[in-house]
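In what follows, a single structure is set out as C-alpha cells and then discussed.
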Amino acid sequence: MSATASRPSADPAILRARRAEDVVVGEEIVRHRLATRVIHWTVALFFFLALFSGLPIWTPLFGWMAHLLGGLNVCRWLHPWAGALFFASMAVMFVHWLGEMRLEPRDREWLRPQKVAAYMKHQDDGTEGGKYNGGQKLFFFAAALGAVGLLLSGLVMWFPLEFPRMLRELAILLHDVTFILFVLAVVFHIYLGTAAEPGTFHSMIRGTVTKPWARLHHPRWHREVLGEETRRP
Amino acid sequence: MTTQNLEIRRSSASLWGEKTGMRHLPVVSKFIDTTTCIGCKACEVACQEWNDLEAVPTRQTGNYQTMPELDAEFWNLIRFNERDFDGGVVWLMRKDQCMHCEDPGCLAACPAPGAIVQYENGIVDVNPEACIGCGFCATGCPFNVPKFHAKTGKMAKCTLCVDRVTSGLEPACIKACPTGCLQFGTKDDMVALGHARVEQLKGNGFANAVLYDPPGVGGTGVVTVLGHGDHPEWYGLPADPHVPVGVRFWKSVLRPLGVVAMIGAVLGAIGHFMYQGPKEPRARDGEPPPPPGA
C-alpha cells in the first residue's frame, strides 16, 4: 500500500487566509489573516481573564467568580498580571491594525446619530463602509484609550504603597469608570460580532467571509477587493 | 482576631450583612489624655509584647518619636509634636493607633468579604484569613492607620486588644500606662470622663481644650483630650475626618450603576435581536440566495 495515500486537502480559502488578506478565493473573501485573528483572540483571552479576576474584587455580587479561579487572593494576584498582558497584547493589536483603522471623513459621516440609528435598523444603505466602518474604528480607538486608562489607574492600585492617598482614590474612580464603559462597549461588540451579524464570528475564526456578506456589510471593501474600485488611500 | 466568641455588627463587602451579633454589647472606647501623657512609651512596649510583634528598627528623625509612621509590626506610636505657642514651645505627645471609627472608612473601602469587621462592641478588626492585601482600606482610612505587612501580604493594625477585651481585660497599652492618661471602659463612661477633664483644663487656662471624638466618622472608639483643641493638626489629627468622598461614591453610586448598566446592555442586545433580527444578506438581482448562516 502506498504511504502517500490521498490526504484530504485543506480548504483553499483557509490556506490562503494564513498569510493573505483582502483577496478573493472562489466564493469567499479573506478578511482576517491568521496573524490578525491570533492577536484579536489573545487580547480577548487576557481581557476575559482580567474581567473574571477583577469582577469579584469590584463587587461581592460577582464573588462567586472568585471561587472558579481559586479564591479572592488568587484574583488579587492574577488580576494585575492579566491586566498587564491585556495591555501588552492590546498595544500589539493597536500597531497591527492602526493602518486600516485611520479615521476618514466618511467615517465621521457614519458616526452621525441618524446614521447609527439607521445602522441599528438595518437601513444603512446610504453610507458605504470600507473594510471597517466608523463604529468599528471608534471602538478600536476607544478600546486602546480605555486600555491606557486601565493600565495607568491599575498600576497605582497594584502598588498602593508607592502612591499618595489622593492619587489612589482617583485611580480607583478612573479604573471603575473606564472599566464600566469598556464592558458596555464589549457587550455590543460581541453582540454585533455574533448574533446580530451572522458570518462575522466566522470571519474572526476562519478568516473568510462570503461575497454576499461583504457586499451587505462593507460594500466599498467588497468592490475594492473584487477590483471594481481602486483602493483609496 | 477572635471571631469565635465575638459578635459581628458589620462586615466588609458583604452582600446581605454578616451580622452575627445576638447580644447587645456596650460600645467600648479608649480614653487618651494628651495633657498628662509623659511620653514614656510604656504603651508602645506593652503593645509589642502582648501582640508578639517583631522589633522594628527605629528611625531617628530629630525627636523622641520611635519612628515616623505606624507600621504593620508597630501598632501603637507616641507622636512627639513640638509647637511654638505663646512665646514658648509646647510639647504635645499623642498616642497614635487605630481610632476604631463608628463609621470606618477602611471597612467601607474593603473589597474582600469579611476582611474587615466591626464587632458589636465597636472594635474594628482585620481578619487576615479574608484579607487580600490590596490596600484599599489604607485609601479609605482618614487617619492613615492600616499598614501592609510584607511577610504575610495582609494588612495589619491595632485590634484594640480584642482578645483581651473579650476576656474582660483592658487593652495592653492601657494596662501599662503609669500616669493614668490612658483609660478604658464603655464609650459613654469615657466620653463623660473626657468632658470632665476638658472642664478641668478650661479652668486651668486651657480655654480651647476639647474632647476629640470626630462626628464625621460617627465618633471614634478612641476619645482624645486635646489641650489645644483649636489645633488638632498640631497633634497629627485631621480637623474634620470623613470617609473619603471617592470611596463613598464608588461604593454606593458607581458600582450599583455599573452593574445595572451592564445588565441593561445585555438585555438591550437581546431585545434588539428579538425586535430587529440578524442582519443577513438577501438574494438580489436574480442571484441564488446565500447559504444559510453565511
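The values are calculated or read from the model by the stated rules, or taken from the named source; none is laboratory data. Source: prediction; values computed, not measured. A quick note on method: Cβ atoms are made from the backbone with ideal geometry, for glycine too, and the neighbour counts reach across all protein chains shown.
Assessment of the range A:39-57 against the conditions (in a helix (DSSP H, G or I) and more than 22 Å from the chain's Cα centre (by Cα)) yields at least one matching residue. Give the range A:212-230 a look and list any residue that's more than 9 Å from every other protein chain (Cβ to nearest Cβ), without any contact (Cβ under 8 Å) to a residue 40 or more places away in the chain and not in a loop (DSSP other than H, G, I, E, B), or say none. If the condition is that a residue be more than 9 Å from every other protein chain (Cβ to nearest Cβ), without any contact (Cβ under 8 Å) to a residue 40 or more places away in the chain and not in a loop (DSSP other than H, G, I, E, B), then A:Arg223 is the only one that fits.
Do we find a residue being within 18 Å of the chain's Cα centre (by Cα), assigned by TED's automatic domain parsing to the domain that holds B:Phe85 and of a type in the set (Val, Ile, Thr) anywhere in the range B:112-120? Break it down into steps so the answer makes sense when it comes.
Initially, the range B:112-120 is screened for residues within 18 Å of the chain's Cα centre (by Cα), giving B:112-120.
Pick out the ones that are also assigned by TED's automatic domain parsing to the domain that holds B:Phe85 and you get B:112-120.
Now narrow it down to the ones that are of a type in the set (Val, Ile, Thr): B:116-117.
Yes, some residue in the range B:112-120 is within 18 Å of the chain's Cα centre (by Cα), assigned by TED's automatic domain parsing to the domain that holds B:Phe85 and of a type in the set (Val, Ile, Thr).
Quick one: which residue in A:Leu170, A:Leu145, A:Leu161 is hydrophobic (A, V, I, L, M, F, W, C) and closer than 21 Å to A:Phe86 by Cβ?
Matching residue, one of A:Leu170, A:Leu145, A:Leu161: A:Leu145.
Could we say that B:Glu18 is in the same structural domain as B:Glu120 (by TED's automatic domain parsing), in a loop (DSSP other than H, G, I, E, B), under 19 Å from the mean Cα position of the chain (by Cα) and within 26 Å of B:Gly227 (Cβ to Cβ) here? Considered against the rule, which asks whether it is in the same structural domain as B:Glu120 (by TED's automatic domain parsing), in a loop (DSSP other than H, G, I, E, B), under 19 Å from the mean Cα position of the chain (by Cα) and within 26 Å of B:Gly227 (Cβ to Cβ), B:Glu18 comes out as no. Selection of the range B:258-290 for residues being surrounded by fewer than 11 Cβ atoms within 10 Å (Cβ to Cβ) and at pLDDT below 95 yields B:Arg282, B:Ala283, B:Arg284, B:Asp285, B:Gly286, B:Pro288. Do we have A:His122 as crowded, with 16+ Cβ neighbours inside 10 Å and either under 16 Å from the mean Cα position of the chain (by Cα) or in the same structural domain as A:Thr208 (by TED's automatic domain parsing) (or both) here? So A:His122 does not fit the description; no. Picking from residues in the range A:195-206 that are assigned to a helix (DSSP H, G or I) and more than 9 Å from every other protein chain (Cβ to nearest Cβ), the one that is surrounded by the most Cβ atoms within 10 Å (Cβ to Cβ) is A:Ser203. Among the residues of the range B:94-120, those identified as crowded, with 21+ Cβ neighbours inside 10 Å and over 23 Å from B:Val247 (Cα atoms) are B:Arg94, B:Lys95, B:Asp96. Identification of strands (runs of 3 or more DSSP E) wholly contained in the range B:122-229 with 2 or more residues that are touching a Lys or Arg at 6+ places or on another chain (Cβ under 6 Å) yields B:222-226.
Please pick out the residue among A:Leu167, A:Leu161, A:Leu145, A:Leu192 that is more than 19 Å from A:Thr59 (Cβ to Cβ), among the hydrophobic types (A, V, I, L, M, F, W, C), more than 14 Å from chain B (Cβ to nearest Cβ) and not in a loop (DSSP other than H, G, I, E, B).
On the way: A:Leu167 fails: more than 14 Å from chain B (Cβ to nearest Cβ); A:Leu161 fails: more than 14 Å from chain B (Cβ to nearest Cβ); A:Leu192 fails: more than 14 Å from chain B (Cβ to nearest Cβ).
Answer to the selection: A:Leu145.
When we screen A:Val209, A:Val186 for residues that are part of a helix (DSSP H, G or I), buried (at least 19 other Cβ atoms within 10 Å of the Cβ) and either touching a Lys or Arg at 6+ places or on another chain (Cβ under 9 Å) or within 12 Å of chain B (Cβ to nearest Cβ) (or both), the only hit is A:Val186. Restricting attention to the range A:39-65 and to residues that are within 17 Å of A:Arg76 (Cβ to Cβ) and polar (S, T, N, Q), the residue that is nearest to the other protein chains (Cβ to nearest Cβ) turns out to be A:Thr59.
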